[in-house]
Structures are given as structure tokens and as C-alpha cells.
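First the structure, in the form of C-alpha cells, and then the observations on it.
No lab work stands behind these numbers, since they all come straight from the coordinates. Keep in mind the model is a prediction, meaning the values are calculated, not measured. Note that each Cβ is placed from the backbone with ideal geometry, even for glycine, and that neighbours are counted across all protein chains shown.
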Amino acid sequence: MSLNKGFTLVEILLPALIIGIIAGTALPSYSRFIQKAENTKIILQLDSLGKELQAYQYERGLYPKDLKPGQSPSGINQWPTDSAVYDYEHWGVGDGACSVVVTYYGQDKIRQSPIHINYGQAGSISQDYGDDIAKVVSVYPCNHPVGSISS
């Protein structure tokens, strides 16, 4: 008759191994889910800012001038105040067009998207540059050269 009533090393390691395998396969899926949810929140924030900028343009007849990243355009009340970097951009993109874009610089807070380009038609979302997300608010005809519209 054995007095040993404990677990063997194999009995202890096997459940730990199974838990490790399950966690190792579930964690990447969970991380992608969290990132997708965060991106959806940011896109909704960009949509809200775009609507507020369109209302500004409707009331005043023009969009605010281009600003440095993180600065809130005057007259825009819903500008995010969290630690993320949002950028309001109003620029000439060439070919007789000007573009109004709101960009989120991503979790790294570093701009990876190019400037002074046409990201597409109004309402489109660009996620083609690192973790940046850009929302095109408006593309309209203008005679401004390529570059920021600061007045």
C-alpha cells in the first residue's frame, strides 16, 4: 500500500500544457478583435468630426484653415481631447482640387500617411498607411496649389 497521495509531474504538466496551447491560439484572435473594435470607434469619431466640419462649411461658406496635428479647428466643439493625435487637414491636392481630411495617427502617434494627396472621394476611409486612419470630409474644386490652405 502506497502512502503517496500527490500528483505526478505528468499530471501537473499536462493540464498546464493544454491551457498554454488554448491561450496561445486564442490571444491573437482576441487582440485582432480588440483592434477592430478600436478602429470602429475611431472611424465613428472621424465621421462625427466630418459632419461637424461640413456644418461649419455650410454655415460659413468655407472650411477652417489647415492646422498642425493635435490642434482643434476653431468652431469645432467635438475635437478629441484624449492622448491620441488627430489631425485636421485642408490642402490643395493638384488638378484643380482641394481636400479636407481628418486623420488619426494610430496608437504609435506617428504619421505614416502621405500629405497633400487626394485620398479619394468624400466619405471614403483610408487605412492603407500603417495604423493611420484618414476620413475624407470633402474634395472640392479650387485653384489652390498643392500644399496647406492656411488662410
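Worth pointing out:
- Helical content alone sets the calculated 222 nm signal of the chain at -13000 deg cm²/dmol, taking -39,500 (n - 2.57) per DSSP H segment of four or more residues and averaging over every residue.
- Restricting region 32-96 to trypsin sites (Lys or Arg not before Pro) that sit in a DSSP loop and have at most 14 other Cβ atoms within 10 Å of their own Cβ leaves LYS65.
- Considering only alpha-carbon pairs that sit under 8 angstrom and 6 or more positions apart, the relative contact order computed for the chain is 21 percent.
- Using R0 = 35 Å, the C-beta based FRET efficiency linking LEU67 and ALA26 works out to 0.25.
- Cα centroid of region 18-67 to Cα centroid of region 103-146, whole Å: 14
- Amide H contacts for ALA122 (H built 1.01 Å from N in the peptide plane; partners 5 or more residues away or on another chain; cut-off under 5 Å): VAL139.
- Local electrostatic count, ALA84, Cβ distance below 12 Å [Lys/Arg +1, Asp/Glu -1]: -4
- For region 58-125, size of Cβ-based charge dipole, Lys and Arg +1, Asp and Glu -1, in debye: 100
- Gain on full extension, evaluated as 0.36 nm per residue between GLN78 and HIS144 minus their Cα-Cα distance, stands at 21.0 nm.
- A simple charge model with +1 on the Cβ of Lys and Arg, -1 on the Cβ of Asp and Glu and nothing else charged puts the dipole of region 10-148 at about 160 debye relative to its Cα centre.
- Farthest toward the positive end of the dipole of the chain, out of ALA26, LEU62, VAL102, is the Cα of ALA26, where the dipole comes from beta carbon charges about the Cα centre.
- Net charge over other residues, Cβ less than 15 angstrom from the Cβ of CYS98 (K, R count +1; D, E count -1): -2
- Taking 24 Å as the straight-line reach from the Cα of LYS109, the lysines in range (excluding those fewer than 8 positions away in the same chain) are LYS36, LYS41, LYS51, LYS65, LYS68, LYS135.
- For Kirkwood radius over Cα pairs in Å, calculated from these coordinates, the label among (1) 18.1; (2) 16.0; (3) 21.7: (1)
- Principal-axis tilt of helix 9-60 within the chain, Cα atoms, nearest 10 degrees: 10
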